[in-house]
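Here's the structure, in structure tokens; my notes come after.
The values are calculated or read from the model by the stated rules, or taken from the named source; none is laboratory data. Source: prediction; values computed, not measured. Cβ sites come from the backbone with ideal geometry, for glycine too, and all protein chains shown count toward neighbours. For accessibility, only protein heavy atoms count, side chains too; no ligands or nucleic acids. Shrake-Rupley method; radii C 1.70, N 1.55, O 1.52, S 1.80 Å.
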Amino acid sequence: LSCFTGTDTKLVQNSFETPSKFSQLDILMNKTVVLIIIIMVLCISYLATQAVVSNDQEFNNLWYIGLNKNNNDTWPYLPDLPPPKWDNYTPNWLQMFFLYVTLLSNFVPLSMYVTVEAINFFFLYLIYVDKEMHDAKTDTRALARSTNVTDLGQVQYVFSDKTGTLTQNVMRFKRCSVDGMIFGAPIQKSRPDAEEEEQDMQSSFHPTRHLLVGRVDSDGKATTSADGELTFNAEMFLRVMSLCHTVVVEKDLDLNDGIDGAESVTSKGSNMSKMRSKRQRSFFKGNRGRTSSDMSINSTGLEPLAEEGGPDGNRSRATSAGSFYVPNSMEKAADGAPVGYAYQAESPDEGALVSEASKSFGFQVVGRDSSGIKLRCAHPTILTDEKVIDGIKKGNANLKKLAADSANGTSPSKNADNEEIEDFLQDPSMQRLETWSILAVNKFDSERKRMSILLRSPPELGSITMLLCKGADSAMLDPTVCTGAENLVSADLNESQKLGALSEDYEAGDEDEWEMAQMLGIQSHLGEFASEGLRTLVLGVRFLTEEQGEKWLEQYKAAATAIKDRDRLLKEAAYAIETHIHIVGATAIEDKLQAGVPKTIATLEKAGIKLWVLTGDKRETAIEIGYSTHVLTSKMHLTEVADKGPDFVRAQCAMEFMRLVKQGKLPLYQRAAVDRSDDGWSWANASFALRKVGRSISRFIRSILLSIQLIIGKLLGWDPAVLRSKVDAIKAEESAEKNLLKDVVRRRNVRDRAEKIINDFLKTPEGQIYSRSQRNKPKSPGSEGSQELSADDDV
């Protein structure tokens, strides 16, 4: 059975006619030549007609060219000669037409094409020899592969994407927010008032790896032991980074030595483990302080990953769980994968999170197969606490209390050393291998703006069902998605940044107070990350009981196997489970600019080209990227049009228009210009009338030509649909012509409408609040002329 073949296939249905690649100069020349040919045909037709008429009228007087109706007549003035062979008829109209075609062949400037092509090749040569377009590193000259170089000087607007076009699309993990604290140094900002903001509103931060170290309270007493125990939020944060993704581990085919990846890591593993075992660890030592969840590696039954000897032991263990071979070496590749392997991610953001979780925090993904995700880590886990596991399975575990008890009123110890942390993470005796079974994956989509994965923990970690989720802050901090969203504030950036101190200096209290400080801290930190031009993601977890997990999996499997509306059903299933999520932290990822981007954009600006950059980032991130790429400069006036309803957006656009009028950048919309009379004689009125007459003549001629084509099409059996659409377009132009106003009247109406929009908005409560905020807002560099505008200003 064959369905949807030929023209019914999706490929053919989505195909379209290849657009013309002619330059504007080529199009202009072609139109000029067509016009010349039309004029030439008209002239030739006129000359041929006149020639035929003249020959008929003067036939008896044309004996000197051999024309005579009487074949017996002799030559005038030569009666002694015999009569010649006279022609009794003159050339017809068609013969005269082609005669004049030959005579007027030079009417068409065929040499124009040759001249233009020669000029184009000269332009190509200038591009080739231009020193400013030469790459010194590769000794490569600019090579133009098209002759359409004449259009370069006619470009007025450039629309560009940000990610992968202006940036390298190489993501690097820079900062994160966990337990209301920032880990990672800030990024230098490019906006004009960045230095003042950094002095006034920069939150305190800790080194990135201090997320892993023991915690101390305000009195300096240890609240967590020094053997690598993490707070609840820190552990869940790292598990979301290392498990919530679609990354796969594959052989690195770019290895130059040609050695098998498994052999290369096992040959070095024993030597590295022996060398590291000789080092003394002064920070990560001692026993756990929490007696309820003793997580000694050898006493809990968690599987040690590496032992002295060959890879056979690991190979047998891997065979029981799947076919993936887990090397026992602690050496890592550049991206954090085991040596000889590489992470392959669908998006650079996922790759950056997985890579950073492995390199900096020791949560290394070593494989992904039918059995699940294989994770290697060294840290003790709260998931070995029987009380916690029992509470999760019964559905009465209070994640908010777990997070508050493990982190409230604490800060990372300042005695940690990076070398000691590295020794702890690389110690093979501390490693264990966890296999997390994948139950379902809710992929990212543009509507939900998040992705989630449903996992089952290993048996030694309780075999509990967990939902790990990550996504944009606007999607994750929604009250219908996460818990604690009622604590968030709806305020401007400056106010929310001031709340960052609450998350670190908040006194110990119950879990509700701690949750409020935690959520306010994340909200302020997200604004700070965005103002630095970083890409932000919010991470969260949810624990499900067996009944909840099984019930949702039935809905998910029914949606996944549905033939009709599968995407909608999968989306509904994702919405159903992505609720009551506990927020554990936020990440900030940097996407560096490509080399030479600011200089290139500045050059485009000098050439008079306007650049539009389209991005899906937060507004603060987009502004910072704009300044760093020189799309925005300190001399520009920056207007932020936030999505606060159609009335607000319309009023913002009207205010910006009036600001430009007031600054004199739109002189034709000044009050003196729009209030002048549009009656009487003037060059503007005469030009308007002439253009109107010209358009009317053009429509009349096109209508006649289309009518002729329709008649011919009916005779030949053509489809008249295309021609009728052109006729309808001409009628639409004719109806639009009736509503066409004079330039003065149109500009007057635009200004009057802008004034009315502003006056109506300022009378509303939102307008009054906006007016007060603008009066109290401090001026920033480049904001000249941005004072509050009133529609009553006489400008």
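Overview of results
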| item | result |
| --- | --- |
| Nonlocal amide H pairs with residue 433, under 5 Å, H built at 1.01 Å | 303, 305 |
| Karplus-derived 3J(HN,Hα), 6.51/-1.76/1.60, for each residue of region 37-44, Hz, glycine and proline x | 5, 4, 5, 5, 5, 4, 5, 5 |
| Neighbourhood net charge (12 Å Cβ-Cβ; Lys/Arg +1, Asp/Glu -1) for residue 687 | +2 |
| Approximate spin-label separation residue 170-residue 728, in nm, with each point projected 7 Å along Cα-to-Cβ | 5.3 |
| Order by protection proxy (mean Cβ within 10 Å, highest first), peptides 107-113, 478-484, 537-543 | 537-543, 478-484, 107-113 |
| Difference of contour (0.36 nm per residue) and Cα-Cα distance, residue 681 to residue 63 | 216.4 nm |
| Candidate lysines - alpha carbon under 18 Å from residue 564, same-chain residues fewer than 8 apart omitted | 10 |
| Inter-probe distance in nm under a simple model that places probes 7 Å from Cα toward Cβ, at residue 204 and residue 254 | 4.1 |
| Amide H partners (placed H, <5 Å) of residue 368, local residues excluded | 249, 374 |
| Gain in span if fully extended, residue 555 to residue 759, counting 0.36 nm per residue against the direct Cα distance | 68.2 nm |
| Förster radius 35 Å - calculated FRET efficiency between residue 691 and residue 43 (Cβ-Cβ, nearest 0.05) | 0.80 |
| Summed side-chain charge close to residue 601 - residues other than residue 601 whose Cβ falls under 13 Å, Lys, Arg +1, Asp, Glu -1 | +3 |
| In order through region 622-630: 3J(HN,Hα) via Karplus (6.51 cos²θ - 1.76 cosθ + 1.60), integer Hz, x for Gly, Pro | 5, 5, 5, 5, x, 6, 5, 8, 6 |
| Per residue value of the accessible surface for region 580-730 (all protein chains in place, 1.4 Å probe), Å² | 61 |
| For region 730-769 versus region 47-105, the gap between their alpha-carbon centres in whole angstrom | 71 |
| Extension reserve of the residue 595-residue 745 stretch, reckoned as 0.36 nm per residue once the Cα distance is removed | 49.1 nm |
| Sequence-distant residues sharing a close amide H with residue 539 (under 5 Å, placed H) | 584, 585, 586, 587 |
| Neighbour net charge for residue 739 - beta-carbon separation under 13 angstrom, K R +1, D E -1 | +1 |
| Dipole magnitude of region 655-718 about its Cα centre (Cβ charges: Lys, Arg +1; Asp, Glu -1), debye to nearest 20 | 180 |
| Among 173-182, 711-720, the order from most to least packed when residues are scored by Cβ within 10 Å on average | 173-182, 711-720 |
| Residue-wise HN-Hα coupling along region 447-453, computed from phi with Karplus coefficients 6.51, -1.76, 1.60 (Hz; x: Gly, Pro) | 7, 6, 6, 7, 9, 8, 9 |
| Carbon/sulfur fraction of accessible area - region 555-691, other protein chains in place, 1.4 Å, % | 58 |
